[in-house]
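The values are calculated or read from the model by the stated rules, or taken from the named source; none is laboratory data. No experiment lies behind these values; they were computed from the predicted model shown. Cβ sites come from the backbone with ideal geometry, for glycine too, and all protein chains shown count toward neighbours. Remember, those area values only see protein heavy atoms, side chains included, never the ligands or the DNA or RNA. Shrake-Rupley method; radii C 1.70, N 1.55, O 1.52, S 1.80 Å.
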Amino acid sequence: MSPPAPDPDPLAVTTVPKPNDNPKAEEEKEELVESWNEIPPSQEIDFVTLGMFIIDEIHHPPSLSLPPSIDIPGGAGTYSALGARLFSSPPTLSKTVSMVVDCGSDFPPSVLHHIQSWETSAVFRTTPSRLTTRGWNGYSNPSDPSHRSFRYTTPKRRLTISCLSSLSPVLLTTKSIHLICSPLRCQDLIRTFLSARKDYYYSAQGKQDEYTRPLIIWEPVPDLCTPEELLNCTNTLPLVDICSPNHSELAGFLGSSGVTPEGEIDTAAVERGCEQLLASMPLQSYTLVIRAGEKGAYIAKNGGRKRSANPNKKKKIVGHRGGLTAETDMEALFAGLLMEEGQEGVVAREEIEVDEGIEKWLPAFHTDKEKVKDPTGGGNTFLGGLGVALARGKGIEEAVAWGSVAASFAIEQVGMPLLLVDEGGETWNGERVQDRLDSFIERIGL
């Protein structure tokens, strides 16, 4: 029997010649167009990120005297996908995680094999006429040796909603989506995504009843966490389910530093900042999750009223009727409102269940700073873990615990954690993710 045909190479180049009847085209070289791998339409998707894939060049602190690390998979998209993938073992759950990997002519085979080893539903989009997005990470501020700098070394290529719908439309069905962008771009992406998602469901035979709103996790882009963007930020909050800046980015919106005079993360400032943002939209329901490094994460959510299971219950007034007049006995009227239902003068009304909201700190997983080798991508990885937990029905506190555990694997080394498989399943950095999660949840009392 002949061996099965190999899977198509996601980095294969598709060439299309220019038509001969175009004189200008005759003078140009043969055009190289994009190619990509399609995801099966039946694939269930729990988590998609619109963060970019970037190949990092990491320069270590001068005190370590180490050579730079080259060709390291990075970018917000890669790390957030990692966070979701940590809790998604193959062959089934790993395929519910997706991202778009833009591959240029210089895309290293070793990086391709690394991402493929995760066995996700990543889409590899190849454009041989451009270079892969690359970035430089290092320490370039002599006055602040701890300050990390980043710059792009090749042109970046941002992802859009049309990327999802044109590459693999099934990505529009995701249960959760991670966005990292400015407030105004977040608003535009959400409107475009929800419109495309509705079009997908309503154009597919028999899928109209399956349409639901996805969970939207927004990570504000650091450069635009400024006081000038605060109004745009508050106008974006009602559109998202989770807004998660880190402590410094939250402070940036409010015009402060987010640290104490001693240089420590200012937890009181985090709480005040959340209170201010929640107060800006008091009738809306969204959650702030502030990532605060070694201090852990702070969860803040507005309270509100939730109606009982019978929304069609009719209200009736027994006793006083009509408008108030000079002769109305106000004392008797308000006394009647406080009486037991069924007694004369009572307003029969729906029972209201009150959601008290939440204001709570959860600790970071690592309490020993020696365990943290490189913080790059820790926040993105946190949000991948949090997003996939919410997509699978976990509450916000447990989802934050998932995020903290995910981040702990990302920051234990430069680059990605080491994935190995033995007879007992997967290990990352020599430990099973579920074991670490179980121990953390027990430690924090969830």
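Protein chains only, probe 1.4 Å: how do 361, 218, 36 rank by accessible area, largest first? List each step's numbers first, then the result.
On the way: 361 70, 218 0, 36 95 Å².
From most accessible down to least: 36, 361, 218.
Per the 1.4 Å probe, what fraction of the accessible area of the range 92-204, in percent, lies on carbon and sulfur atoms?
Numbers: 2530 of 4680 Å².
Here carbon and sulfur together make up 54 percent of the probe-accessible area.
Over the range 162-262, with the other protein chains present, what is the accessible area per residue in square angstrom, probe 1.4 angstrom?
Details: 4330 Å² over 101 residues.
Here the residues of the range 162-262 average 43 Å² of exposed surface.
Using a Förster distance of 35 Å, how high is the FRET efficiency between residue 260 and residue 429, based on the Cβ-Cβ distance and rounded to 0.05?
With R0 = 35 Å, the Cβ-Cβ based efficiency is 0.60.
Going highest first, how would you order 414-422, 48-56, 229-237, 377-385 by mean Cβ packing within 10 Å?
Values: 414-422: 14.7, 48-56: 26.3, 229-237: 19.0, 377-385: 29.2.
In descending order of packing, they fall as 377-385, 48-56, 229-237, 414-422.
What is the calculated FRET efficiency for residue 34 to residue 188, with r their C-beta to C-beta distance and R₀ = 35 Å, to the nearest 0.05?
With a Förster radius of 35 Å, E is 0.90.
Expressed in nm to one decimal, what extension gain is obtained for the pair residue 117 and residue 370 from 0.36 nm per residue of sequence separation less their Cα-Cα distance?
Taking residue 117 through residue 370 to full extension adds about 88.2 nm, to one decimal.
Could you compute the net charge surrounding residue 136? Neighbours are other residues with a C-beta less than 9 Å from the C-beta of residue 136; K and R count +1, D and E count -1. Write out the running numbers ahead of the final one.
Values: positive: 134, 151; negative: 56, 57.
Local charge sum for residue 136: 0.
Please give the contour-minus-distance gain from residue 438 to residue 162: 0.36 nm per residue of separation, less the Cα-Cα distance, rounded to one decimal in nm.
Separation in residues times 0.36 nm, less the Cα-Cα distance, equals 95.5 nm.
Using only the Cα atoms of the range 85-194, construct the convex hull and provide its projected area averaged over every direction, in square nanometres to one decimal. Working shown, then result.
Numbers: hull surface 37.5 nm².
Approximately 9.4 nm², given one-decimal rounding.
Please arrange 443, 157 by accessible surface area, largest first, computed with a 1.4 Å probe and ligands excluded. Kindly include the intermediate steps, with their values, before the conclusion.
Working: 443 120, 157 60 Å².
Most to least solvent-accessible, the answer reads 443, 157.
Report ³J(HN,Hα) in whole Hz for each residue of the range 239-255, in order, from the Karplus equation J = 6.51 cos²θ - 1.76 cosθ + 1.60 where θ = phi - 60°; Gly and Pro get x.
Using θ = phi - 60°, the values come out as 8, 10, 8, 10, 10, 9, x, 7, 4, 5, 5, 4, 4, x, 4, 9, x Hz.
Across bins of 10 angstrom width beginning at 0, how are the C-alpha pair distances of the range 59-138 distributed, in whole percent?
Reading the bins upward from 0: 16, 43, 29, 11, 1.
If amide hydrogens are placed 1.01 Å from N in the peptide plane, which non-local residues have theirs closer than 5 Å to the one on residue 176?
Under 5 Å from the amide H of residue 176 lie the amide H atoms of 47, 48, 215, each far enough along the sequence or on another chain.
Once amide H atoms are built 1.01 Å from N in the peptide plane, which residues 5 or more positions from residue 123, or in another chain, come under 5 Å H to H?
99, 100, 101
List the residues, sorted by chain then number, that are 5 or more residues from residue 181 or on another chain and whose placed amide H is less than 5 Å from its amide H.
Those qualifying (amide H under 5 Å, at least 5 residues apart or on another chain) are 219, 221.
Just the number: Rg to Rh for the range 140-289, Cα atoms, Kirkwood Rh, two decimals.
Details: Rg = 18.3 Å, Rh = 17.4 Å.
Answer for the range 140-289: 1.05.
Can you tell me the length gained on complete extension of the stretch residue 421 to residue 394, counting 0.36 nm per residue apart and subtracting the Cα distance?
Numbers: separation 27, 0.36 × 27 = 9.72 nm, distance 2.67 nm.
Gain in length upon complete extension: 7.1 nm.
How much area per residue is accessible in the range 81-123 when the probe is 1.4 Å and only protein heavy atoms are counted (Å²)? Before the final figure, lay out the partial values.
Numbers: 1290 Å² over 43 residues.
Accessible area per residue, the range 81-123: 30 Å².
In sequence order, what are the phi-derived ³J(HN,Hα) couplings for the range 48-61 according to the Karplus relation 6.51 cos²θ - 1.76 cosθ + 1.60 with θ = phi - 60°, rounded to whole Hz, with x for glycine and proline?
After applying 6.51 cos²θ - 1.76 cosθ + 1.60, I find 10, 10, 9, x, 7, 8, 9, 8, 9, 10, 9, 9, 7, x Hz.
Just list whichever of 295/371; 156/373; 301/394; 295/360; 175/394; 95/156 have alpha carbons separated by over 18 Å in the model shown.
Values: 295/371 15 Å; 156/373 27 Å; 301/394 16 Å; 295/360 12 Å; 175/394 13 Å; 95/156 27 Å.
Among 295/371; 156/373; 301/394; 295/360; 175/394; 95/156, the Cα-Cα distance tops 18 Å for 156/373; 95/156.
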